[in-house]
Each structure stands twice: as structure tokens, then as C-alpha cells.
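Only one structure is covered here, and it is reproduced in the block below.
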Amino acid sequence: MCGIVGVVGREAAAPRIFEALKRLEYRGYDSAGIATLVEGRIERRRAEGKLDRLAAVLAAEPLPGTLGIGHTRWATHGAPTTRNAHPHGTARVVVVHNGIIENHAELRAELEAKGQVFETETDTETFARLVDQHLLEGMGAEEAAAAALKRVHGAFALAMIFAGREGLLICARQGAPLAVGFGEGEMYVGSDALALAPLTRRIAYLEEGDHAILDHGTVRFFDAEGRPVQRAVRETSVSGAPTGKGNYRHFMEKELHEHPVVLGDTLAQYLEPAQRRVVLPALPFDARAIPRLTITACGSAFLAGLVGRYWIEQLARIPVDADVASELRYRDPPLPEGGAALLVSQSGETADTLAAMKLLRARGQSCLAIVNVAESSMAREADAALLTVAGPEIGVASTKAFTAQLAVLAGLAIGMGRARGTVSEAEEARLTAELLEVPAHAAEVLERDAEIRAMAAQVAKARDVLFLGRGNLYPIALEGALKLKEISYIHAEGYAAGEMKHGPIALIDDQVPVISLCPSGPLFEKTASNLQEAAARGGRIMAFTDAEGAPALSRFAERVVVLPHAGAFAAPILHAIPVQLLAYHVAVLKGTDVDQPRNLAKSVTVE
Ligand code: F6R
């Protein structure tokens, strides 16, 4: 994780680096730091915690200099303290780093034997001291950096500056993304185009194993073998405009209220409303011919994928395997010849999902990514990408991006069913009509805010919470539990309601809220009877249902929130919104850091 940025500029670098770091804070907020060159000397300012702490340090002790690097950290090696904050290094070189240097222990022992004295436990300092050692042994900066890069293993991106070398910045990529930005007589480097957008729109991405040497007006790229190479410069479409909270208290609240628009925009890409048809761009596989589909992703994106499995199996009658990317990449599953894979990701930078995609492609699977960031590594490296139109999602907990993923998966399931002849034209029209109602229904769900807040007041007192659902709502139960854990720090689990009797029902007592997703439809009776079993044991049932399901549930449930009737197909999209809202309100009541919950980062770029 971590965000890195560098500026080879003509005006004060620190304020510009600080602004870029603000746009990278989604990658981690354990500590932050900036180093610049001041009259040839390296100077650093660092602070534990979020960027406002660094701002205070910079205000007290401003950092001049036009060449600099900066970092926002998600701690991997070493506690999140000021001492362990990047940049790391010596009087001769400082480094910022995103990722993990796997052979750091071995290198550290070697460097200590040569007399290097380490100040931190970080793997980053190992790299900095390796460069430093080469400098001490007489190499120039460029040679020292190249030699050190040859020695390190792992997945990372790095940027470094050198004492006495005004106008020189060296950066490298191996497994973590890095973009070089082109200014007027200035050059920049950043973990993504978003960080650089206020500075420039002209971007070139480093490729695997590349390193680059930047000076005021130019960049020289070198590949993994050290050969000079060219990398394409493109105009990024990422906006440099600041993203604000508007009148909302938190980004998460704002993003929750963007659901109707985001769902409308995303569905508009794949639905033809007049004819009630799904229109998909060309897929990288022939849906009629694939023997199996593998879906993989992490966290909430994986749970969206799980809903996708229900939809695609039901509508397209294709066997679907779904697994979290961190397991799939090491599971070595048998994969059929001519098979296809679906990757789901908001950021498009999640390390495990990218690694799983690499494996799937190497095993001959055609990879289709559902991704929110059009210029992300995943969007660029997949065989094709279907975009969600969620816009920037700043709150660490995924909300609108998750439902937008569902919207694309729903369209894809219908489209694949049509292609395979398992969905008739009439069925396509019916399902498409159901989806077209979703944005308006989402707006109605948001109107239940006060009721959900009242439910949250009860849930906030609990130590453990269960979420139950069946069929395509089972993954939404998992999502409800994940969201609550993530931002309110209350222990929660999601279960398939039919599994209760096989163990979890033992947890039920009058302290445990049982939150169920139970709209009318084919599985209503079954879910309702599972809930009654929990109620009979003192469980406090709270249900999200529709007008048809409400009377039966009201007989034994403590709370019933009535949502619009979405239809059994679109139900997961609509039921995701109240469980996200519930988690939000519980977190606010508990006073947690809603947008930047402890220990988390928005984009998980290390495995
Ligand atoms: C949970 C959440 C995470 C992400 C996961 C994957 O609210 O946001 O579980 O869904 O880290 O991230 P992306 O979608 O960027 O691959």
C-alpha cells in the first residue's frame, strides 16, 4: 500500500508534494513524510498519523527546496511511528517506497556487517542503505541505484533523491504501479495519475522491472535488463479538481447518497432502455463456448463477484468458480482450456487480484475486468474491461463502487444468457426492466435513512451481530457484516440463513441483533422460518423486506424496514444500500473514523 510522489520542479516542492499526498491518502494514513534538497543537503519532515499532523510539522518548520519526494504510509514492517515514517535514508540518499522488499533481512545482515547502522525496522531503510553503501564504495547515484535494484526481491515501487544532485530523481517499479508526469521544464512521479492530476495530464507508466531517471525536463526509462526503452506518453482523463465532501459529514455519507446517480450512469452504459435490451461491448471470450468462468477479487469486490456467480449460473447456465484472489493465486486450481475469468475491483490496483489475473492469463484464461478506475493496472492489463461509473470513491469502505459492480455483473449475466440462448428475449426485457428501476428504488431506500439510524442506535450497543440472507442475498449478508466490522469495529458475521442450525444459532441470545435480508420472493418462506427459529431462542430480529414480506416478519421481528419491491433479480443491489447505511450510522454513533478506519487503506497494493 502506501503512496509515493516526487517532484523535480522549479518552485517550492513541499507544498506540491503535500497536495499530491492528500490524493494518495487512500493508500494509507499511518504516517507521512517529505524530503527535499536544501542547498544540496537532504532535509526531512515526518509525522506519525494522518497528513494534518505532517501539515502542522511543515507549518512549524517549513521545508524549502524544489526537488523532493513524499510518502503516505500503511505500515508493513515496523510500527506506525514517526521514526519509521518515510522517507528513509542517510545523509547521501533518501527513499520512499510502496510495497515489500522480501529479502530485506538478508540484505540488512550483509549491510550491518559492512558497518551500516540502521535506525528503523523498515524494509525500506535496507534499500536506502544498500544504495548508500554503493555510493560509499565510489559509485555514482545512477549506478548505485541500478546496482541496488538488481539485489532486491518483492513487489514494490520506489523513488529516491541524492545529496548534492539537484535535479535528479530516480524511481523504479516492480509489481506496484508508478506513473511519471511531464510538466513544463519539470518532471513528477506518483503512485497513480490521480496524485499527479493537479500538476499534469501527460503521463507515462513504468512497466514491470523498469526504472527511470528524471531531471528537470526529461526522463530516461530503462527496462529490467537496464536497456534504455521508450514508454508511451498519454493524456490522462483523471480530473485534477479537488474532491470535496459537499454538505455531507463524511465522504462515505456523500458516496452513499450518490447511489442513484452512479447506478443510473453505470446501467446506462450497458442497457438499451427503449428496447429493454442489454448491449455489451465485445467480450474477450465467446460466451457460447466457454466451459467455465472463474470469478476472483478481494473483500467487498469479491462479495459482488459472489452475487455475480448466482446470477451468471442461473441465467447463463455456465459453471462458475468464485474464490478470493489471495487464495486462488496459490490454490493451483485446474483450469479448463478455453476458460474465462472475471476480475472485480474498484481501484484496479489490488495486489492479490492483479497477481491472480496474471496467473489466470498465464493459464490461458481470457480475463475480463470489472473496474472503476479506467487507467488502473487491471484495466490496462486485462484482455478487456467493463467500467463501473462510480467516480472517485474516497471513503475506505466501498459503497457506490460495490453496487456499481453489481449493476455491471447483472447486465453481464443477462448478456451472457442471451448469447447462450438460456435467456429469452422476453426474459431479457423483464430483467432489464427490473434493472432500469434500480436507480429510482435506490433513491427510495435512501429515504429510509431515519429508520435505519434508529436501528443503528440498537446495533451500536451490541458486541456481536449476525447478518442472514439466502440465495443471491447471502453475499449481501456477508457484505453487511464486513462493512459493520470495518468501520464500527463491532464483531459481525454473515451467514446463509439455512446454515444457522448447523452451528451459529448457538450464538443467539437477547444481546445479539440478527439482521436479515428477507424480501418477498421464492426464498421468503424459508428465510422467514430460519428467522423464527432464531427469534424462538431470544434472538433480536431486525429485517429488511418489502411491503409484501413485512406483515409476516412483523409478528416476531423487533424492527422491520420496508424497502421498495425490487424483484428477486435486482434485490442484491437494493439490499446492499441499507446494510451500508446501517454500518455508517453505527460507526457515527460509536465515534469511529468513518472514512479512514483504523488499520485499513483504500487500496491494498501489497499482498
Ligand atoms: C470493503 C472494501 C474492501 C475492498 C477490497 C478490494 O469495504 O472496500 O474490502 O473491496 O480491498 O478493493 P478493490 O475493489 O479496489 O480491488
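For the stretch 348-382, name all the residues that are part of a helix (DSSP H, G or I), within 14 Å of the ligand (Cβ to nearest atom) and either buried (at least 22 other Cβ atoms within 10 Å of the Cβ) or of a type in the set (D, E, K, R) (or both). If you could, list the steps in order and put the result at the bottom.
Initial filter on the stretch 348-382 (part of a helix (DSSP H, G or I)): 351-362, 377-381.
Checking which are within 14 Å of the ligand (Cβ to nearest atom) leaves us with 351-357, 377-379, 381.
Within the stretch 348-382, ALA351, ASP352, THR353, LEU354, ALA356, MET357, SER377, MET378, GLU381 qualify.
Within the stretch 550-572, work out how many residues are part of a helix (DSSP H, G or I), free of Cβ contacts under 8 Å to residues at least 12 places away in the same chain and touching a helix residue (DSSP H, G or I) at 6+ places or on another chain (Cβ under 9 Å). Give the steps one after another, and end with the answer.
Going residue by residue through the stretch 550-572, those that are part of a helix (DSSP H, G or I) are 550-554, 571-572.
Narrowing the set further to residues that are free of Cβ contacts under 8 Å to residues at least 12 places away in the same chain leaves 551, 554.
When the remaining residues are screened for being touching a helix residue (DSSP H, G or I) at 6+ places or on another chain (Cβ under 9 Å), the result is none.
The total comes to 0.
For the stretch 384-392, does any single residue satisfy the condition of being among the small types (Gly, Ala, Ser), away from the ligand (no atom under 12 Å from the Cβ) and farther than 28 Å from ASP595 by Cβ?
Within the stretch 384-392, the first condition is being among the small types (Gly, Ala, Ser), and the residues that meet it are 384-385, 390-391.
This time we only want the ones that are away from the ligand (no atom under 12 Å from the Cβ), so: 384-385, 391.
Next cut, farther than 28 Å from ASP595 by Cβ only: 384.
Checking the stretch 384-392: at least one residue is among the small types (Gly, Ala, Ser), away from the ligand (no atom under 12 Å from the Cβ) and farther than 28 Å from ASP595 by Cβ.
Which members of the stretch 534-585 meet the condition of being at positive phi and over 32 Å from the mean Cα position of the chain (by Cα)? Spell out how you get there, then give the answer.
Our first condition is that a residue be at positive phi; within the stretch 534-585, this holds for 538, 567.
Once the filter is applied, which keeps residues that are at positive phi and over 32 Å from the mean Cα position of the chain (by Cα), the stretch 534-585 yields only GLY538.
Could you tell me whether ILE414 is over 30 Å from LEU196 (Cβ atoms), over 12 Å from the mean Cα position of the chain (by Cα), β-branched (Val, Ile, Thr) and not assigned by TED's automatic domain parsing to the domain that holds ARG598?
On the way: over 30 Å from LEU196 (Cβ atoms): yes; over 12 Å from the mean Cα position of the chain (by Cα): yes; β-branched (Val, Ile, Thr): yes; not assigned by TED's automatic domain parsing to the domain that holds ARG598: yes.
Judged against the criteria, ILE414 is a match.
Residues ALA576, ALA557, ALA601, ALA583: which one is out of contact with any His (no Cβ under 8 Å at 6 or more places or on another chain) and at pLDDT below 95?
Numbers: ALA576 fails: at pLDDT below 95; ALA557 fails: at pLDDT below 95; ALA583 fails: at pLDDT below 95.
Within the list ALA576, ALA557, ALA601, ALA583, the selection yields ALA601.
Answer with yes or no whether LYS501 is of a type in the set (Lys, Arg), outside the structural domain of LEU283 (by TED's automatic domain parsing), modelled with pLDDT under 95 and part of a helix (DSSP H, G or I).
Numbers: of a type in the set (Lys, Arg): yes; outside the structural domain of LEU283 (by TED's automatic domain parsing): yes; modelled with pLDDT under 95: yes; part of a helix (DSSP H, G or I): yes.
Spelling it out, LYS501 is indeed of a type in the set (Lys, Arg), outside the structural domain of LEU283 (by TED's automatic domain parsing), modelled with pLDDT under 95 and part of a helix (DSSP H, G or I).
State which residue pairs qualify: first residue more than 16 Å from ALA322 (Cβ to Cβ) and inside the stretch 337-358, second residue part of a strand (DSSP E or B) and within 13 Å of the ligand (Cβ to nearest atom) in any location, beta carbons under 6 Å apart, and separation of 6 or more residues or different chains.
These pairs meet every condition: GLY348/VAL371.
As an exercise: evaluate ALA404 against (1) buried (at least 24 other Cβ atoms within 10 Å of the Cβ); (2) outside any helix (DSSP H, G or I); (3) in contact (Cβ under 8 Å) with a residue 60 or more places away in the chain and give the number of the one condition it does not meet.
In the conditions (1) buried (at least 24 other Cβ atoms within 10 Å of the Cβ); (2) outside any helix (DSSP H, G or I); (3) in contact (Cβ under 8 Å) with a residue 60 or more places away in the chain, ALA404 misses (2) alone.
Say whether the condition of being farther than 21 Å from PHE18 by Cβ and either in a strand (DSSP E or B) or not assigned by TED's automatic domain parsing to the domain that holds ILE34 (or both) is met by at least one residue in the stretch 133-141. Break it down into steps so the answer makes sense when it comes.
Narrowing the stretch 133-141 to residues farther than 21 Å from PHE18 by Cβ: 133-141.
Subsequent filtering for residues that are either in a strand (DSSP E or B) or not assigned by TED's automatic domain parsing to the domain that holds ILE34 (or both) retains none.
No - not one qualifying residue is present in the stretch 133-141.
Hey, among GLY65, GLY28, which residue is touching a Phe, Trp or Tyr at 6+ places or on another chain (Cβ under 6 Å) and on the phi > 0 side of the Ramachandran plot?
Working: GLY65 fails: touching a Phe, Trp or Tyr at 6+ places or on another chain (Cβ under 6 Å).
Of the residues listed, the single one that is touching a Phe, Trp or Tyr at 6+ places or on another chain (Cβ under 6 Å) and on the phi > 0 side of the Ramachandran plot is GLY28.
Output the number of the condition that ALA407 fails; it satisfies all remaining conditions of (1) more than 9 Å from the ligand (Cβ to nearest atom); (2) farther than 30 Å from VAL261 by Cβ.
Unmet for ALA407, out of (1) more than 9 Å from the ligand (Cβ to nearest atom); (2) farther than 30 Å from VAL261 by Cβ: (2).
Of everything in the stretch 60-78, what is buried (at least 18 other Cβ atoms within 10 Å of the Cβ), in contact with a helix residue (DSSP H, G or I) (Cβ under 6 Å, 6 or more places away or on another chain) and either of a type in the set (Asp, Glu) or assigned to a loop (DSSP other than H, G, I, E, B) (or both)? Give them in sequence order.
LEU63, GLY65, THR66
Scan the stretch 50-81 for residues that are within 15 Å of GLY28 (Cβ to Cβ) and of a type in the set (Val, Ile, Thr) and jot them down.
THR72, THR76, THR81
Could you run through the stretch 281-326 and say how many residues are away from the ligand (no atom under 16 Å from the Cβ), in contact with an Asp or Glu (Cβ under 9 Å, 6 or more places away or on another chain), within 13 Å of ALA341 (Cα to Cα) and in a helix (DSSP H, G or I)?
Going through the stretch 281-326 one residue at a time, the tally reaches 1.
In the stretch 460-491, what residues are buried (at least 24 other Cβ atoms within 10 Å of the Cβ) and either away from the ligand (no atom under 16 Å from the Cβ) or not in a helix (DSSP H, G or I) (or both)?
Across the stretch 460-491, the qualifying residues are VAL465, LEU466, PHE467, LEU468, GLY469, ASN472, LEU473, TYR474.
How do the strands (runs of 3 or more DSSP E) wholly within the stretch 158-256 filter down when requiring 1 or more residues that are surrounded by fewer than 17 Cβ atoms within 10 Å (Cβ to Cβ), outside the structural domain of ILE42 (by TED's automatic domain parsing) and among the β-branched types (Val, Ile, Thr): which remain? Show your work before the answer.
Working: elements: 169-174, 179-182, 187-190, 202-205, 211-214, 219-222.
Qualifying strands (runs of 3 or more DSSP E): none found.
The values are calculated or read from the model by the stated rules, or taken from the named source; none is laboratory data. Bear in mind the structure is a predicted one, so any value in this text is a computation, not a measurement. Because the Cβ atoms are built from the backbone with ideal geometry, glycine has one as well, and the counts that use them run over all protein chains shown.
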